[in-house]
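Take a look at the structure below.
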Amino acid sequence: RAKQQGASYIEFYTDEMTDKAFERLELESYLRRAIEKDELTLYYQPQVNLDEQKIYACEALIRWNHPKLGLVSPAEFIPLAEETGLIEEIGIWVLNEACIQTRKWQELGYNDLSISVNVSGRQFQSANFVETVRRALTTSGLSAESLHLEVTESTTLVNTDYSISMLNELRGMGIKVSIDDFGTGYSSLSYLKDFPLDILKIDQSFIRNLQENNADAAIVKAVITMCEGLNLSIVAEGIETKEQGEIIRSFGCNFAQGFFYSKPLNRDRFEKLLLSKQFPLAT
Ligand code: C2E
Ligand code: MG
Ligand code: MG
Ligand code: MG
């Protein structure tokens with residue numbers, strides 16, 4: 001009886017595995033065609049200067065609109081794109097699209113707008129990454145100073161010497177380098193000392209319970225103070241309430257991003273928000 005149960009369990013288990021493997025294969029083949037079929041799109045989430053009460057930048061966040069599957073989250077397909085190598089093609093598309101769109105908004109009168117683009121590990125480590133970035137800037141006419149590249153610790157902690165020289169090369173062009181999701185990776189302090197960076201984005205997991213949790217508040221406060229000493233700008237991610245915005249501001253952080261200010265918006269809605277200049281800000 002026990003044996004029987006075991007057998008049926010295995011059967012069930014392998015069926016499930018096959019389904020998963022099949023699903024993954026299907027997703028992969030869909031993803032291969034997503035670019036040609038124009039199914040990828042960028043959303044834009046404002047990054048806010050709290051002192052000046054304005055949008056100074058936005059983060060480009062990819063979305064995949066599949067006719068059958070619906071809207072697929074990047075959390076679901078970026079890892080797959082990494083594994084299969086499709087990330088290189090997708091990354092090129094994202095960089096070009098983001099730079100072209102931002103240049104258009106600058107020409108519409110929003111001259112100071114910068115764009116922040118996420119770069120994944122395999123993309124960053126690929127041999128032609130700098131060339132891809134250079135080409136996106138040339139084609140779009142966007143100045144390097146308007147481009148921020150978001151990397152994570154795990155992206156740059158492989159081939160560290162090479163990674164550091166890459167970051168130096170990008171910064172030499174005038175591009176700003178952000179460390180994304182700070183606090184969730186290794187977060188060793190020597191990382192901040194050894195890696196050439198411009199901006200630190202403190203992860204939303206530290207913001208979520210900022211009001212109730214003394215430990216989170218202490219960490220956020222300390223990171224902000226440390227960034228001042230290291231000459232790093234700091235952006236608080238995941239601000240969802242007025243209170244959270246007020247707290248990080250009282251700690252000396254002037255740059256913020258989160259649903260409280262705005263969710264990521266499609267191109268048209270972001271443009272409306274930019275041009276309305278009626279940005280609802282916390283004060
Ligand atoms: P991320 O770079 O840390 O982006 C921030 C994520 O937090 C976004 O999720 C955004 O929608 C979400 N978010 C923003 N404000 C809030 C808030 O107040 N509360 C909460 N709960 N969430 C907030 P999204 O768009 O689903 O992207 C997830 C991740 O996928 C990104 O995390 C990034 O790692 C990756 N990703 C997105 N677009 C790209 C891309 O073009 N290239 C690469 N390589 N990765 C991307
Ligand atoms: Mg990011
Ligand atoms: Mg982040
Ligand atoms: Mg993240």
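The values are calculated or read from the model by the stated rules, or taken from the named source; none is laboratory data. Because the structure is a prediction, the values reported are computed rather than measured. Positions of Cβ are backbone-derived with ideal geometry, glycine not excepted, and every protein chain shown enters the neighbour counts. These accessible areas exclude ligands, DNA and RNA; they are computed on the full protein's heavy atoms, side chains included. Shrake-Rupley method; radii C 1.70, N 1.55, O 1.52, S 1.80 Å.
Before moving on, here are some points about what is shown:
- Considering region 44-129, the qualifying strands (runs of 3 or more DSSP E), each wholly inside and each with 1 or more residues that are within 20 Å of LYS201 (Cα to Cα), run over 54-66, 114-118.
- Every pair of residues 6+ apart whose Cβ atoms lie under 6 Å, when the first sits in region 193-204 and is away from ligand 3 (no atom under 16 Å from the Cβ) while the second is open to solvent by less than 10 Å² (accessible area, probe 1.4 Å) and at pLDDT 95 or above: PRO196/LEU167
- In region 95-119, the residues that are open to solvent by 20 Å² or more (accessible area, probe 1.4 Å) and within 16 Å of ligand 3 (Cβ to nearest atom): ASN118
- Qualifying position, being modelled with pLDDT of 95 or more, more than 22 Å from the chain's Cα centre (by Cα) and either under 18 Å from SER116 (Cα atoms) or not charged (D, E, K, R) (or both), among GLY252, GLY245, GLY238: GLY252
- For LEU274, the criteria (1) open to solvent by less than 40 Å² (accessible area, probe 1.4 Å); (2) modelled with pLDDT of 95 or more hold in every case but one, which is (2).
- Answer residue from region 205-216, given it is in contact (Cβ under 8 Å) with a residue 12 or more places away in the chain and more than 14 Å from THR184 (Cα to Cα) and is least open to solvent (accessible area, probe 1.4 Å) among those: LEU210
- Restricting attention to region 143-196, the residues being among the small types (Gly, Ala, Ser), out of contact with any Asp or Glu (no Cβ under 8 Å at 6 or more places or on another chain) and open to solvent by less than 10 Å² (accessible area, probe 1.4 Å) number 1.
Conditions (1) aliphatic (A, V, I, L, M); (2) more than 26 Å from ASN111 (Cβ to Cβ), marked per residue:
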site	(1), (2)
LEU157	yes, yes
GLY174	no, no
PRO196	no, yes
ILE202	yes, yes
SER205	no, yes
ASN209	no, yes
ALA256	yes, no
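- Region 223-261, residues that are open to solvent by less than 40 Å² (accessible area, probe 1.4 Å), farther than 18 Å from PHE182 by Cα and within 15 Å of ligand 2 (Cβ to nearest atom): none
- Filter pass, ILE219 being under 20 Å from ASN49 (Cα atoms) and either more than 16 Å from ligand 2 (Cβ to nearest atom) or open to solvent by less than 40 Å² (accessible area, probe 1.4 Å) (or both): no
- Per-region count, region 44-79, residues within 12 Å of ligand 1 (Cβ to nearest atom) and not β-branched (Val, Ile, Thr): 17
- Of all the numbered requirements in (1) touching a Leu at 6+ places or on another chain (Cβ under 9 Å); (2) closer than 21 Å to ILE234 by Cα; (3) within 16 Å of ligand 1 (Cβ to nearest atom), SER187 misses one, and that requirement is (1).
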